[in-house]
Amino acid sequence: MSDRNITKVRTFFILIICLVLVECGYSLRGTGSSLPPHIKKIVIPMFNNLTARFDLDVKLTEKIRDEFVARGRVELTGDEDSADAVLTGEITAFTATPIAFSGKTTADRYNITIVTKIVLRDLVNKKIVFSNPHYIYQQEYEVPEGTDFESVQTEAIEKVAERFARSVIATILEGF
């Protein structure tokens with residue numbers, strides 16, 4: 001079975017499970033906001049990059065900020081003194097592992113893994129709202145035919161960073 005067929009089958013089963021759960025009276029957690037109502041402004045300093053991957057801290061921080069703005073639930077500020085909360089991040093690992101090959105030596109699909117430490121602190125009440133010391137995000141990235149990962153790594157990291165940010169913010173705001 002091809003990868004696309006496997007993906008279609010997985011999607012079908014996920015939809016069936018969701019329909020069954022809805023019909024049984026279950027509801028998904030995460031439809032609201034798990035942020036305290038007094039948090040209106042948040043500051044997000046540059047993530048600390050403990051990996052050798054250049055510019056990863058800039059990309060992840062930028063996408064996290066963009067996702068908060070897109071959600072529209074809080075306002076971003078650059079000043080911790082005027083913020084109600086601070087979101088800090090530390091990138092502890094980044095790997096791009098080849099998982100499929102088109103030839104003997106050319107990988108055409110990679111599994112990208114980002115491991116971070118994420119902490120959201122309530123500056124008003126002086127407590128931690130969210131903490132995950134080992135937040136793992138994984139995604140497969142397909143390399144276009146005739147290229148190698150190194151030549152498309154900037155584009156790959158950009159796309160993965162965007163999806164990483166959605167995942168982190170959904171986890172924080174929606175409680176998943």
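Quick notes on this structure:
- Approximate spin-label separation THR106-ARG53, in nm, with each point projected 7 Å along Cα-to-Cβ: 2.4 nm
- Between the listed residues THR92, PHE130, VAL115, the Cα displaced farthest toward the positive end of the dipole of the stretch 88-132, a dipole computed from Cβ unit charges relative to the Cα centre, is found at PHE130.
- In this structure, the pairs whose alpha-carbon distance is over 21 Å, taken from LYS63/LYS159; LYS40/LYS127; LYS59/LYS127; LYS40/LYS159; LYS59/LYS126, are LYS59/LYS127; LYS40/LYS159; LYS59/LYS126.
- Packing rank of 39-52, 108-121, where each peptide gets the mean count of other beta carbons within 10 Å, highest leading: 108-121, 39-52
- Of the residues SER102, SER34, SER167, the one with the fewest other Cβ atoms within 10 Å heads the list, and the complete ranking is SER102, SER34, SER167.
Taken together, the values in this text are just the output of simple stated rules run on the coordinates, not laboratory data. None of these values were measured; they are calculated from a predicted model. Please note: Cβ atoms are built from the backbone with ideal geometry, for glycine as well, and neighbour counts cover all protein chains shown.
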